[in-house]
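S.K.: There's a structure below that I have some questions on.
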Amino acid sequence: MNSPRLLRRCLLAVLSAALVTAAAVVPAQADPPTAVAAVTTFSDTFDGPAGAAVDSSKWQVETGDNVNNHERQYYTSGNNNAKLDGQGNLVITARRENPGNYQCWYGRCEYTSARMNTSGKFTGTYGHVEARMKIPRGQGMWPAFWMLGTPVNWPDSGEIDIMENVGFEPSTVHGTIHGPGYSGSGGIGAGYTLPGGQAFADAFHTFAIDWAPDSISWSVDGTVYQRRTPADLGGRTWVFNKPFFMILNLAVGGYWPGDPDGSTSFPQQLVVDEVKVTTSDSSGSTGGPITGLAGKCVDVAGASAANGTPVQLYDCNGTTAQRWTVSSDGTIRALGKCLDVTGNGTADGSTLQLWDCTGGPNQKWAVSAAHDIVNPQANKCLDVTGNNSANGTRLQIWTCSGGANQKWSVS
């Protein structure tokens, strides 16, 4: 939300890499192999009896005020301001009240609300992250669905704002990234405005990101309205290739939205129908082809298991030299050895080979539902050299471009 909030309460969490759901690009061939399946790694549909608190196995409720943004609310514990409605929704309620004589940075607090996060419960690296919500309305309201990088050291650890709304813009939501040198009001993002003067408070909408090693795309109800990559940072550091956790909150007042005024009615509610994270399943197979440009296969030259054997493109032939296992440890294996970036290289053009599995970062791969195979250390894609589909063309890593020579289907 444009600056750190209650960061003292955010816990360190860890997660294995998982990947973005996006439109598949399948190479032309008679019988395309099965694409990487999408799986749900986090879901909360907020089912339960009316008045129940949020599921503590998925969320922790934060408490306190927030001087960083000069917000006016005090975040309360338990189900005082966040509870299930018995109809499959979480309702976060902001009220003009102070039943507990709560103290805020400016004195006696004027409002209560709720904020919760998944730190220590769930973190994710890459994926399709979405929430279906109906936001509140009114001057000074500031609902948000966002993420913080771990371990939290804002802004260096990064922030992804999936959806923010400030009450004086009832028809517009914002998506933003923050990091070292581009934080606070210097965050990089864009807004999305509903057509015809509609207000977001009038209906439920789905706010989402599709997050890959080299990009984050924001959407509302399936309509993508911006995409950000390292090229947008002007040489500053892209800090979005590690685990992040999710946050839901409803703030009242602050630098950006301004404070409530006489036109603002209370209580106001952020109603959340569902929060879900979908990633590709790269957690191991019995071994099969990886198919790419011109329907050809990733192949170990000469079917040799010797260290340093080149990995190339070749006609699919069903041999063990083309049977690859994508493992839950991030490795891709054939003939008992690992797909390896030669010499631990990270530069464009670093070639691929077969090598004993060492656990090194040059043997770690992220296979996305968008059909990219990425080495996270280099933040580069598995690539057919020169876009050449001839048998024997060496495979390499290269800056991800979305080209056909970087699209793969894993069976």
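Values quoted throughout were computed directly from the atomic coordinates according to the rules given, and no laboratory measurement underlies them. From a predicted model like this one, the values you see are computed outputs, not experimental measurements. Here the Cβ positions follow ideal geometry from the backbone for every residue, glycine too, while neighbour counts run over all protein chains shown.
S.K.: Just how large is the dipole of the chain about the Cα centre, in debye to the nearest 20, putting +1 at every Lys and Arg Cβ and -1 at every Asp and Glu Cβ?
M.R.: With Lys and Arg at +1 and Asp and Glu at -1, about 480 debye.
S.K.: Further question on the same structure: By how many nm would the segment from ALA347 to ASP202 lengthen if fully extended, with 0.36 nm per residue of separation less the alpha-carbon distance?
M.R.: Length difference between fully extended and current span is 47.2 nm.
S.K.: Next question. Scan around GLY88 for amide H atoms under 5 Å from its own, H built in the peptide plane at 1.01 Å from N, and keep only partners 5 or more places away or cross-chain.
M.R.: Distant-sequence amide H within range of GLY88: GLY48.
S.K.: With the crude spin-label approximation of a point 7 Å out along Cα→Cβ, what separation in nm comes out for THR193 versus TYR255?
M.R.: About 2.5 nm separates the two model spin labels.
S.K.: A further question on this structure: So what is Rg over Rh here for region 290-410, counting just Cα atoms and using Kirkwood for Rh?
M.R.: 0.91
S.K.: Just grab the label-to-label distance for SER57 and ALA231, each label 7 Å out from Cα along the Cβ direction, in nm (one decimal).
M.R.: For SER57 paired with ALA231, the spin-label model returns 4.4 nm.
S.K.: Further, regarding this structure: At a 10 Å Cβ-Cβ cut-off, how would you order ARG228, ARG394, fewest neighbours first?
M.R.: Taking fewest neighbouring Cβ atoms as first place, the list is ARG394, ARG228.
S.K.: Only Cα pairs within less than 10 Å get springs; with that Gaussian network setup on the chain, which residue of TYR75, TYR126, TYR192 has the largest fluctuation?
M.R.: TYR192
S.K.: Rg(Cα) of region 201-310 divided by 2.2 N^0.38 Å?
M.R.: Ratio of Cα Rg to 2.2 N^0.38 Å: 1.75.
S.K.: At a Cα cut-off below 24 Å, give the lysines reachable from LYS364, other chains included and same-chain residues fewer than 8 away excluded.
M.R.: LYS242, LYS296, LYS337, LYS380, LYS407
S.K.: Would you mind getting me the FRET efficiency between ASN98 and ASP156? Use the beta-carbon distance for r and R0 = 56 Å, nearest 0.05. The partial results should precede the final answer.
M.R.: Numbers: r = 35 Å, r/R0 = 0.63.
The value I calculate is 0.95.
S.K.: Can you give the local net charge around PRO267? Use residues other than it whose beta-carbon is closer than 15 angstrom to its beta-carbon, Lys and Arg +1, Asp and Glu -1.
M.R.: +3
S.K.: Arranged by the count of other C-beta atoms within 10 angstrom, fewest first, what order do CYS109, CYS357 take?
M.R.: CYS357, CYS109
S.K.: For TRP238, TRP408, what ranking results if the residue with the fewest other Cβ atoms within 10 Å of its Cβ goes first?
M.R.: Numbers: TRP238 19, TRP408 26.
By the 10 Å Cβ count, ascending, the order reads TRP238, TRP408.
S.K.: Here is a further query. Given the chain, what whole percent of its Cα pairs are spread farther than 30 Å? Before the final figure, lay out each step's value.
M.R.: On the way: 37598 of 84255 pairs.
Here the long-distance tail beyond 30 Å is 45 percent of all Cα pairs in the chain.
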